[in-house]
Structures are given as structure tokens and as C-alpha cells.
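See below for the structure under consideration.
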Amino acid sequence: MKDTDIKRLLYTHLLCIFSIILSVFIPSLFLENFSILETHLTWLYICSGFVTAVNLVLYLAVKPNTSSKRSSLTHKVTRFLKCCIYFLLSCFSFHVIFVLYGAPLIELALETFLFAVILSTFTTVPCLCLLGPNLKAWLRVFSRNGVTSIWENSLQMTTISSFVGAWLGALPIPLDWERPWQMAVERKCSICRSLRVPCMGLGTVIRVT
């Protein structure tokens, strides 16, 4: 049984990766001048949609959390609405966190929110598909020694890895700080000002003109 779960889990992750690759190439067949760099906002929409759809289909097909109890249509609709609300709350929560870490409050607000959406897609959506809108199950999985299956173990690792990857993704930013397309910091913290280096998190971010 464990080997079967490992194979299913491997196929699930491979298909999720494949969906990201498809979100890069398929839109170019239908949208003119589509590019990840030039039309990055459109790509974020598409990538989030692809990954969410694949997660829903895969978890419904694999059904790692099958339950012996049959739920009514009302229960399923209520559960679906709760999942949508949880996803929206996750997006807004991440957006607030990004602003607190230095993202502009008004300028580039759409870009910041879409980044929150894509991060929620890789973290909150799998949790909702596997655990549902059950906060107790979420706390159990992400607490110490609270994992009871290989699916929950994978969910724990992928979620934490997504957060770490989003944080580490900001490290290369100062390497191209003088580029015209790069971001500049208007206010620096006292440490960065004394060292004469770009501020990594504190301060208001504006585009270089």
C-alpha cells in the first residue's frame, strides 16, 4: 500500500510540474505577444489556474483521504464554499505579509496580490484538496510529529519548501540592482544605509526611472 501511495504521489507531483510547463507554452498558441517576462501578470493568472485545476483533478482522482461516510449535496456545496473562502483569506493574508516585508502598499499592488495568489496556489490549494477546510487537521499536519500518512508528509514538505523558495527568490534581486528594469529602495533601514547596500526588506519600493 505504501509503494502504491509513493507512486501516486510521484505522478501527482510530476503532473503538477508538467502543468507549470504547459502554462508557459500553451498560452503562446492562443495569445499574441505572450511572454513570461513581458506579460508576467497574464502568466501568473494562467499558471495559478493550471496548477489549481490539476490539483483538483488529481486529488479527486487519487482520493488519498477517502471517507466511508457519504456526504450530502448540501455538505459538499458548503465545503466547497468554505474552501473558496479559505483560499481568498490566504491570498489576502499573504498580500498583507508581503506589504509588511517591504512591498509597496499602492504601487504595484496588483503584482503583489498576484504573487500572493500564486503562493496560495502552491500552499493552500493542496491543503484544501487533501485536508479540506479543517483547521484542526491543518494544525495537526504542520505541528511536530503530527503527520499520519505519506500524503500529509509530502504536503508538509511542499508547503514549507514553497515558503522557503519564495523567501530565497528575493536574494538575487540586489545582483542586478543597477539595471533599469530592477527595483530600487526609496527608504533604507539604518543598517543598510550604513553599509551602503540595497535594503532587502524594509522600505518603500519604487521603479527606477
*Per-residue ³J(HN,Hα) for the range 47-55, Karplus 6.51 cos²θ - 1.76 cosθ + 1.60, θ = phi - 60°, Hz, x for Gly and Pro*: 4, 4, x, 4, 5, 5, 4, 5, 4
_I need the Kirkwood Rh of the range 1-159: take the reciprocal of the average 1/r across all distinct C-alpha pairs and report it in angstrom._
17.3
*asked:* I'd like the FRET efficiency for residue 168 and residue 2, computed as 1/(1 + (r/R0)^6) with the beta carbon distance as r and R0 of 45 Å, rounded to 0.05.
replied: 0.90
_Can you compute 3J(HN,Hα) from phi for each residue in the range 148-164, using the Karplus curve 6.51 cos²θ - 1.76 cosθ + 1.60 with θ = phi - 60°, rounded to whole Hz and x for Gly and Pro?_
10, 8, 5, 5, 5, 5, 5, 4, 5, 5, 5, 5, 5, 5, 5, 5, 5
*Ignoring ligands, DNA and RNA, what percent of the 1.4 Å accessible area of the range 120-175 is carbon and sulfur?*
67
*Loop sites in the range 44-134: trypsin sites (Lys or Arg not before Pro), DSSP, at most 10 other Cβ within 10 Å*: 69, 70
_So, taking all protein chains as they sit and a 1.4 Å probe, how much accessible area belongs to residue 138, in Å² rounded to tens?_
50
*Working out 0.36 nm times the residue gap between residue 25 and residue 78, then minus their Cα-Cα distance, what length gain in nm do you get to one decimal?*
15.5 nm
*Which loop-located trypsin sites (Lys or Arg not before Pro) does the range 95-173 contain, where loop means any DSSP state but H, G, I, E or B and the Cβ has at most 16 other Cβ atoms within 10 Å?*
144
_Shape category assigned to the range 5-58 from the gyration tensor of Cα positions, a/c cut at 1.5_ = prolate
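The values are calculated or read from the model by the stated rules, or taken from the named source; none is laboratory data. Being a predicted model, the structure only gives us computed values, none of them experimental. Note that we place each Cβ from the backbone using ideal geometry, even for glycine, and neighbour counts take in every protein chain shown. For accessibility, only protein heavy atoms count, side chains too; no ligands or nucleic acids. Shrake-Rupley method; radii C 1.70, N 1.55, O 1.52, S 1.80 Å.
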